[in-house]
Amino acid sequence: MNSKLSTKELILKVAGKLFSTKGFLETKISDISFLVEVTDSTIYEHFKNKEDILFAIPEEKTQKLIENNEQHLKGLVGAEIKLRKLIWNYFDFLANDREYTTLLIFELRPNRDFYDTDHQKLIRQFIQEYRKVIVEGQNNGEFRSDIRPSIILNLIFGTIDQILITWLVENKPSDPLSLFEDLFDLIKHAIAKDTLKKESEDKRNKILDAAAKVFSEYGYNKARIQDIAKLAGLGDATVYNYFSSKEDILFTLPIEKTKELLSIQTEHLNGIKRGDLRLKVLITDYLHYLESHREYSSTCLFDLRYKMTFYQKEAYNLFRDFARVFYNTILDGIAKDEFRPSLNPYVATKMIFGVIDHSLLSSLKFGRPERLTSISDPINTLILSSFKKR
C-alpha cells in the first residue's frame, strides 16, 4: 500500500514537471512512465487518463494552502490583518513554486473541464476562508459593504494572476513578492470604508433605526419627526437633510433592509444546488432576519404590508425581487423534478410569505411563538411536504 502510494506521488511529481515544461498536450503517458521507471499500465492503475493526472496535481497543493491558512490565522484579530495574511500566504506559495504556478495558470486555468471536477469543492473550501474574512470586515465596518465579496475576491485573485503571468513569461519582476506591499496597498484602499461616507451613513442609519423603533412603538400615524430625531440624538433639521418627510423614511426602511437580506441570502445560497436545501436556507434566513429586527418587522407588517401606497413605491419593487428568489427556486425545483410538476409556483410563494406573515403577527401581538426562529423547522417541514413528490 505504501509502495503504491509512493508510486502515485512520484507520478504526480514527474507529471507536474513535464506538464509545466513541455506542456500538457505535448506530454505523453509514456514520457511520464519512462521517468518514473514504471510501465504505462502502472500509470493506469492509479489514473484513468492523462487529464486525470493533471487534475489530481492541485489537490495536495490546495490542501496544504488550506492548512497553512488555518494555522496562520490563529490568534489574529481584525479582518484587515487576517486578509493581509491570507493574501501573503497565497502569493508566497505560488511565487516559491514556479513549476506549479506555471501549471496552474497555463494548463489548469484555461481547461474548461477542470471547473467540473471534484477538486472544485476543495477550491471552494480554500476560497471560503477569504470570503469569511471579507464578510467579517464588511460587518464590523472595516471594509466597504456596498460591493459583493465575490467581486472583491475576483479583484484579489485576478490581480495576483496578472502579476504572476508576467513573472512567468518575462521574469519581471524576478521576485514577484517584492510587489506584495504595493499589491496589498491597492487592495486595502479599494475595499476600505470611506470615513466621510461612513459618518454620513452612520447618521442615516441612526435615523432609520430610530424610526423603526418609533414606528413600532407608536405606529406610523402617531409618530413624529421630532420623536425620531430625539431618539437618534440628532436635530430635526439633520433628519430633513437625509429624508424629505416621515413617509420618505417609512418607504426607505424596506429598501435598506431588503437589500441587506438579499445580500445575506446570496452568500448563504452560494454552492447549494438542491431545491429543498435552497428553500430551507431562504425561509430560515428570512425568519432569523425578522426575529433579529423586530422593530422593523413590526413596521413592515402593520405600516407597510397593508398600506396601498407602499405598492406604488420603489420599496415594493425591491421586495418583489426578494420574493422572486423564492419563486425561481420553486420553479427550478419543478424543472429538476425535485418538486411536484403540478405545483403552482405563484401560489406556493404566496403560501410561504403567508405563513411567515401570520406567524410574525402572532409573535408580535401575542408572544406566540416567543421567537420566530423556533418555528423554522416546522414551517420548512410543512412547506416542503406540500411541494415534494410523493
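The values are calculated or read from the model by the stated rules, or taken from the named source; none is laboratory data. None of the values given here were measured: they were computed from a predicted structure. Please note: Cβ atoms are built from the backbone with ideal geometry, for glycine as well, and neighbour counts cover all protein chains shown.
One residue is enough: does the range 311-321 have a residue meeting the conditions within 30 Å of residue 121 (Cα to Cα) and hydroxyl-bearing (Ser, Thr, Tyr)? No, that holds for no residue. When residues in the range 51-75 are screened for being more than 30 Å from residue 11 (Cα to Cα) and either in the same structural domain as residue 11 (by TED's automatic domain parsing) or loosely packed, with under 14 Cβ neighbours inside 10 Å (or both), 2 of them pass. Please tell me if residue 269 is modelled with pLDDT of 90 or more, of a type outside the set (Val, Ile, Thr), surrounded by fewer than 18 Cβ atoms within 10 Å (Cβ to Cβ) and within 27 Å of residue 131 (Cβ to Cβ). Here the answer is no, as residue 269 does not meet what is asked. If you go through the range 286-299 and pick out every residue that is within 21 Å of the chain's Cα centre (by Cα), surrounded by 18 or more Cβ atoms within 10 Å (Cβ to Cβ) and not aliphatic (A, V, I, L, M), you end up with 2. Restricting 129, 99, 107 to residues that are under 15 Å from residue 66 (Cβ atoms) and in a helix (DSSP H, G or I) narrows the list to 129.
Condition check ((1) surrounded by 19 or more Cβ atoms within 10 Å (Cβ to Cβ); (2) small (Gly, Ala, Ser)) across all residues:
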residue: 192; (1), (2): no, yes
residue: 212; (1), (2): yes, yes
residue: 217; (1), (2): no, no
residue: 245; (1), (2): no, yes
residue: 248; (1), (2): no, no
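Scanning the range 98-119 for residues that are surrounded by fewer than 15 Cβ atoms within 10 Å (Cβ to Cβ) and modelled with pLDDT of 85 or more turns up just one, 99.
Going by what's in this entry, would residue 122 be described as surrounded by fewer than 16 Cβ atoms within 10 Å (Cβ to Cβ) and either free of Cβ contacts under 8 Å to residues at least 40 places away in the same chain or more than 18 Å from residue 80 (Cβ to Cβ) (or both)?
On the way: surrounded by fewer than 16 Cβ atoms within 10 Å (Cβ to Cβ): no; either free of Cβ contacts under 8 Å to residues at least 40 places away in the same chain or more than 18 Å from residue 80 (Cβ to Cβ) (or both): yes.
Against the criterion (surrounded by fewer than 16 Cβ atoms within 10 Å (Cβ to Cβ) and either free of Cβ contacts under 8 Å to residues at least 40 places away in the same chain or more than 18 Å from residue 80 (Cβ to Cβ) (or both)), residue 122 does not qualify.
Restricting attention to the range 111-126, the residues being outside any helix (DSSP H, G or I) and either under 24 Å from the mean Cα position of the chain (by Cα) or of a type in the set (A, V, I, L, M, F, W, C) (or both) number 2.
Restricting attention to the range 300-307, does a residue exist that is closer than 22 Å to residue 145 by Cβ and under 25 Å from the mean Cα position of the chain (by Cα)? There is no residue in the range 300-307 that is closer than 22 Å to residue 145 by Cβ and under 25 Å from the mean Cα position of the chain (by Cα).
Based on what the data block shows, is residue 231 closer than 28 Å to residue 365 by Cβ, surrounded by 14 or more Cβ atoms within 10 Å (Cβ to Cβ) and not assigned by TED's automatic domain parsing to the domain that holds residue 310?
Working: closer than 28 Å to residue 365 by Cβ: yes; surrounded by 14 or more Cβ atoms within 10 Å (Cβ to Cβ): yes; not assigned by TED's automatic domain parsing to the domain that holds residue 310: yes.
Answer is yes for this residue.
Any chance the range 373-390 includes a residue that's crowded, with 17+ Cβ neighbours inside 10 Å, in contact with a strand residue (DSSP E or B) (Cβ under 8 Å, 6 or more places away or on another chain) and not in a loop (DSSP other than H, G, I, E, B)? Checking the range 373-390: at least one residue is crowded, with 17+ Cβ neighbours inside 10 Å, in contact with a strand residue (DSSP E or B) (Cβ under 8 Å, 6 or more places away or on another chain) and not in a loop (DSSP other than H, G, I, E, B). Scanning the range 322-346 for residues that are part of a helix (DSSP H, G or I), of a type outside the set (Ser, Thr, Tyr) and surrounded by 12 or more Cβ atoms within 10 Å (Cβ to Cβ) yields 322, 323, 324, 325, 326, 328, 330, 331, 332, 333, 334, 345. I want to confirm something. Restricting to the range 151-196 and keeping residues that are over 20 Å from residue 21 (Cα atoms) and of a type in the set (Ser, Thr, Tyr), which single residue is farthest from the chain's Cα centre (by Cα)? Only one residue fits best here, namely 178. Among the residues of the range 352-368, those identified as surrounded by 15 or more Cβ atoms within 10 Å (Cβ to Cβ) and in contact with a Ser or Thr (Cβ under 7 Å, 6 or more places away or on another chain) are 360, 364. Inspection of the range 69-88 identifies at least one residue that is in contact with a Phe, Trp or Tyr (Cβ under 9 Å, 6 or more places away or on another chain) and of a type in the set (S, T, N, Q).
Within the range 132-152, the only residue that satisfies the criterion of being among the acidic types (Asp, Glu) and assigned to a helix (DSSP H, G or I) is 136.
Residue check: is residue 203 of a type in the set (Lys, Arg), touching a residue at least 24 places away in the same chain (Cβ under 8 Å) and either in the same structural domain as residue 259 (by TED's automatic domain parsing) or buried (at least 19 other Cβ atoms within 10 Å of the Cβ) (or both)?
Details: of a type in the set (Lys, Arg): yes; touching a residue at least 24 places away in the same chain (Cβ under 8 Å): yes; either in the same structural domain as residue 259 (by TED's automatic domain parsing) or buried (at least 19 other Cβ atoms within 10 Å of the Cβ) (or both): no.
In short, no.
For the range 22-62, the set of residues classified as closer than 18 Å to residue 110 by Cα and without any contact (Cβ under 8 Å) to a residue 24 or more places away in the chain consists of 22, 25, 26, 27, 52, listed by residue number.
Looking only at the range 206-255, count every residue that is of a type in the set (Gly, Ala, Ser) and without any contact (Cβ under 8 Å) to a residue 40 or more places away in the chain and tell me the total. Step through it out loud before you land on a result.
First, pick out the residues of the range 206-255 that are of a type in the set (Gly, Ala, Ser): 210-212, 216, 219, 223, 229, 232-233, 235, 237, 244-245.
Imposing the further condition that a residue be without any contact (Cβ under 8 Å) to a residue 40 or more places away in the chain reduces the set to 210, 223, 229, 232-233, 235, 237, 244-245.
Final tally of qualifying residues: 9.
Does residue 306 satisfy the criteria of being of a type in the set (Phe, Trp, Tyr) and either in contact with a helix residue (DSSP H, G or I) (Cβ under 8 Å, 6 or more places away or on another chain) or surrounded by 12 or more Cβ atoms within 10 Å (Cβ to Cβ) (or both)?
Details: of a type in the set (Phe, Trp, Tyr): yes; either in contact with a helix residue (DSSP H, G or I) (Cβ under 8 Å, 6 or more places away or on another chain) or surrounded by 12 or more Cβ atoms within 10 Å (Cβ to Cβ) (or both): no.
Here the answer is no, as residue 306 does not meet what is asked.
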